[in-house]
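S.K.: Let me begin by handing over the structure; questions about it come next.
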Amino acid sequence: MSEFRKQHPVAGVTQVIDSIKQNFITLLIVLFIGSSNTEGYFLYFLAAGLVISLFGGIFGWWFFRFRIFEDELQIEKGIFVKKKLYLSKDRIQVIDITEGILQRLFGLVKVEVKTAGGGTETATISAITREEAEELRTELRKRNNGNSNHFEDLEEDQEKKDQILSTWKLSTKDLVYAAFTSGNFGLIASILGAVSGQLNEMINEENIRFIYEIMPGYSDVTIYVALIFAIIVVSWLLSFLGVIFTYSDFRLHKTEEELIITRGLFEKKHITVPYDRIQAVRFVEGVIRQPFGYGMIYVESAGFDQNQKGRSIVLAPYISARAVSSFLNEFLAEYEEPEYGFKPPKKALFRYLRRPNYFLLLLVPVLWYFLNRGWLSLMLIPVLSILGWMRYKDAAVGFNNDILRMRYRTISRTTAIMKKNRIQAADLSQNPFQIRKGLVNFSATAASGAGGMNFGVEDLGNEDSLRIYDWVAGEKNIGRQHEGEEQNGTVT
Amino acid sequence: MNQEPASRIHKNAIKAWTVNALLFGLLWFIPAIFYAGIAISQNFNNETPWYNRVDWPLFLSLFLIALILYIMMAWVLPNLRWKRWKYEVSDNGIDMLRGIIIKKRTVIPINRVQHVDTRQGPVYRKFELASVAISTAATTHEIPALDNETADELRNTISMLVRKVKSDV
């Protein structure tokens with residue numbers, strides 16, 4: 001493989017599709033604005049953009065070449081700005097082979113090569129044949145240490161490393177349940193928002209008269225309600241299909257040094273997570289899933305793609321809360337589950353109850369003023385208070401020698417487990433009201449992608465939060481505290 | 001919160017922050033000036049004298065808000081901010097306590113520190129101050145306004161501690 005090679009021409013097409021995907025939101029905005037103008041010149045913009053990305057795709061493919069030369073994977077690309085990306089074999093940590101929809105049509109695969117270290121870059125070869133990819137992988141995994149006797153040992157080592165120790169599969173039944181319970185409120189809200197912009201145009205007199213004619217006896221309120229209902233159904237359907245497409249044939253394999261995930265119906269993804277990259281584990285129970293006793297397991301992983309702010313990877317899309325312990329035992333044995341030793345004190349309950357209600361101070365006056373029966377929005381108070389009460393019940397922190405475990409709820413309930421030596425920073429914060437009551441918010445930050453992920457519990461007692469803080473800080477202050485207590489003669 | 005961190009930042013910080021706020025605080029007056037400019041230039045060919053084109057109560061309230069903010073930022077906040085800033089560097093971590101209204105305390109375990117650097121803007125240079133920025137894989141925290149020697153010393157201490165811990169593991 002010391003000669004430069006080109007990708008399959010399909011790579012050009014995938015690049016065009018990628019650039020459309022990346023500009024999807026811009027496209028939507030252009031379409032929305034454009035379609036409300038009667039003149040169609042926005043179409044020219046669209047066409048121009050398409051032509052440019054098409055040429056970009058073709059020439060991008062033309063100038064892209066790669067080879068393995070002297071222990072390096074060398075990639076050269078770029079139309080105007082030439083970019084040479086040389087990855088040394090020793091530094092390569094992960095090689096992922098993925099089949100996209102387009103690649104599958106042509107019997108091709110996509111290869112992503114990732115290195116370890118801080119300022120890392122992912123080398124992506126977006127379309128080559130499966131044989132080429134396999135050849136590339138074996139070639140890159142060979143490590144010549146100059147010693148040919150050594151070589152066979154290394155190969156054996158590699159085989160041992162690749163051996164699958166255990167596997168977790170998502171059953172078809174669970175996949176369907178996962179899809180049913182996946183109601184994505186963010187998606188619903190965004191579709192509602194997008195549609196309500198167009199609503200005024202849709203609901204003009206003609207249309208309403210037309211609807212009255214086909215459905216006599218309906219007022220416009222029922223039409224609004226029906227519309228919202230339809231949007232909820234559609235977005236639920238979308239997220240249902242989304243889950244089916246993404247998590248079909250989901251398998252999690254464990255090898256000596258990494259976790260390997262393969263998933264997808266049309267687009268087969270292959271994700272490799274080395275153990276030493278894992279920063280934290282999360283078990284998230286959505287509102288719809290929690291009553292059934294199910295949730296989702298994520299891991300936070302650091303590095304690889306510096307452009308990506310957060311990097312959460314789904315380890316188990318649908319798993320019973322009771323099975324989490326044994327799952328962790330099998331796949332992430334180091335992540336134990338220490339007992340919860342700290343909970344918010346009773347005096348924090350009222351703060352928990354009223355916190356979700358704060359935004360009503362803004363919402364209720366507006367609704368009261370603008371809508372006929374706006375004061376009915378006051379009925380949200382008990383609902384939000386129940387949410388507050390659940391948050392109070394769920395908030396908890398526990399730790400042992402090496403592991404911190406936190407449970408908290410925003411809307412879904414999250415249980416986060418992280419190793420002490422993976423905590424990047426711990427924070428305590430107190431506003432004036434909390435100072436008066438002696439309550440403190442605690443949060444811990446783990447690295448995720450190129451950024452951080454925050455896990456926090458609100459309104460813990462003063463002493464409790466300091467105990468946790470001191471544990472993260474290395475128990476320096478706890479020692480001091482004990483000295484103080486000895487002097488006072490109150491050692492327990 | 002008991003057992004507060006021991007060290008304070010340099011007293012000159014107050015002056016430096018005041019100067020900074022006096023410079024950047026001029027931005028608060030932009031709305032008032034902007035409004036006056038627009039109002040005066042609006043009906044330029046019109047016979048009404050320029051001082052009648054401005055809605056003075058509105059202008060004055062904009063100006064007053066700006067003035068209050070200006071004074072707060074320049075003379076009140078720096079003092080409070082200095083009083084609240086405390087830090088401590090030990091073998092285990094960097095402990096920082098700060099916050100004027102919301103009290104915030106952060107610890108960065110030493111073995112998570114990726115790099116430390118000192119930073120100095122033009123105003124800090126004038127007062128011979130520098131801040132120390134501590135970066136981890138997830139966050140960057142800054143201890144502001146230490147005098148030059150302390151900042152350098154702190155940077156060296158932290159990087160020495162980091163090296164010691166990392167070679168241990």
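Each value in this text was obtained by applying a stated rule to the coordinates, not by laboratory testing. Computed from a predicted structure; not experimentally measured. Neighbour counts run over all protein chains shown; Cβ positions are idealised from the backbone, glycine included.
S.K.: Find me the longest stretch of chain B that has none of the exposed GluC sites (Glu not before Pro), where exposed means in a DSSP loop (not H, G, I, E or B) with at most 16 other Cβ atoms within 10 Å.
M.R.: No qualifying site falls inside B:48-127, the longest such stretch.
S.K.: So what is the relative contact order of chain B, in percent, for Cα pairs below 8 Å that sit 6 or more residues apart?
M.R.: 23 percent
S.K.: Across region A:356-371, in residue order, what do the Karplus-derived ³J(HN,Hα) couplings come to in whole Hz, using 6.51 cos²θ - 1.76 cosθ + 1.60 with θ = phi - 60° and x for Gly and Pro?
M.R.: In residue order, the calculated couplings are x, 7, 4, 6, 5, 3, 8, 6, 4, x, 5, 5, 4, 6, 8, 9 Hz.
S.K.: Here is a further query. Assign unit charges at the C-beta atoms only (+1 for Lys and Arg, -1 for Asp and Glu), then state the dipole size of chain B relative to its Cα centre in Debye, rounded to the nearest 20.
M.R.: So the magnitude is around 320 debye.
S.K.: With +1 on each Lys and Arg Cβ and -1 on each Asp and Glu Cβ, how big is the dipole of region A:298-445 about its Cα centre, in debye rounded to the nearest 20?
M.R.: 840 debye
S.K.: Non-local amide H neighbours of A:Leu170 (under 5 Å, H modeled in plane, Pro and chain starts lacking H): which ones?
M.R.: Residues meeting the criterion, in which the H sits 1.01 Å from N, are A:Phe250.
S.K.: Given H placed on each backbone N at 1.01 Å, which residues far from B:Ile94 in sequence or on other chains put an amide H within less than 5 Å of it?
M.R.: B:Ile108, B:Ile110
S.K.: What are the lysines whose alpha-carbon lies under 23 Å from the alpha-carbon of B:Lys166, with same-chain residues fewer than 8 places away excluded?
M.R.: A:Lys419, A:Lys420, A:Lys476
S.K.: Residue-wise, which Karplus ³J(HN,Hα) couplings in Hz belong to region A:247-253, taking 6.51 cos²θ - 1.76 cosθ + 1.60, θ = phi - 60°, and x for glycine or proline?
M.R.: Per residue, the Karplus-derived 3J(HN,Hα) values read 10, 4, 6, 7, 9, 10, 10 Hz.
S.K.: Step through the residues of region A:446-457 one at a time and calculate ³J(HN,Hα) from phi using the Karplus curve (6.51 cos²θ - 1.76 cosθ + 1.60, θ = phi - 60°), rounding each to whole Hz and writing x for Gly and Pro.
M.R.: 10, 6, 8, x, 8, x, x, 10, 9, 10, x, 10
S.K.: Shifting gears a bit: Excluding same-chain pairs closer than 8 in sequence, count the lysine pairs in region B:1-133 whose Cα atoms lie under 21 Å apart.
M.R.: 12
S.K.: Using a 7 Å offset from the Cα along the Cα-to-Cβ direction at both B:Asp152 and A:Phe106, what is the distance between the two label points in nm, to one decimal?
M.R.: About 6.0 nm separates the two model spin labels.
S.K.: Suppose each label sits 7 Å from its Cα in the direction of the beta carbon; what would the A:Phe63-A:Ile411 distance come out to in nanometres?
M.R.: The two pseudo-label positions are separated by 4.5 nm.
S.K.: While we're here: Between A:Val234 and B:Ile101, how high is the FRET efficiency from 1/(1 + (r/R0)^6) when r is the Cβ-Cβ distance and R₀ = 41 Å? Nearest 0.05.
M.R.: E(calc), rounded to 0.05, equals 0.35.
S.K.: Compute the signed sum of charges (Lys and Arg +1, Asp and Glu -1) over the other residues within less than 10 Å, Cβ to Cβ, of A:Leu102.
M.R.: The answer is 0.
S.K.: Quick check: net charge around A:Leu361, other residues with Cβ under 13 Å of its Cβ, Lys/Arg +1 and Asp/Glu -1?
M.R.: Residues close to A:Leu361 contribute a combined charge of +2.
S.K.: Rg over Rh of region A:249-302, using C-alpha atoms and the Kirkwood radius, what does it come to?
M.R.: Over the Cα atoms of region A:249-302, Rg/Rh equals 1.04.
S.K.: Using only the Cα atoms of region A:328-483, each taken as one equal point scatterer with no solvent, compute I(q) by the Debye sum, divide by I(0), and report log10 of the ratio at q = 0.09, 0.14, 0.15, 0.19 Å⁻¹.
M.R.: -0.37, -0.78, -0.86, -1.18
S.K.: Follow-up. Go ahead and collect, in residue order, the members of region A:64-105 whose backbone nitrogen is under 18 Å from a label point 7 Å along the Cα-Cβ direction of A:Glu3.
M.R.: A:64-70, A:74-76
S.K.: Also, quick follow-up: I need A:Tyr340, A:Tyr369 ordered by Cβ neighbour count within 10 Å, fewest first.
M.R.: Lowest to highest Cβ neighbour count: A:Tyr369, A:Tyr340.
S.K.: Taking the Cα atoms only, what angle lies between the long axis of helix B:56-71 and the longest principal axis of chain B, rounded to 10 degrees?
M.R.: 20 degrees
S.K.: Which of A:Lys89/A:Lys161; A:Lys114/A:Lys254; A:Lys142/A:Lys268 have a Cα-Cα distance over 23 Å?
M.R.: A:Lys142/A:Lys268
S.K.: To the nearest 0.05, what FRET efficiency results for B:Ser41 and A:Ile79 with a Förster distance of 56 Å applied to their C-beta separation?
M.R.: Approximately 0.70, to the nearest 0.05.
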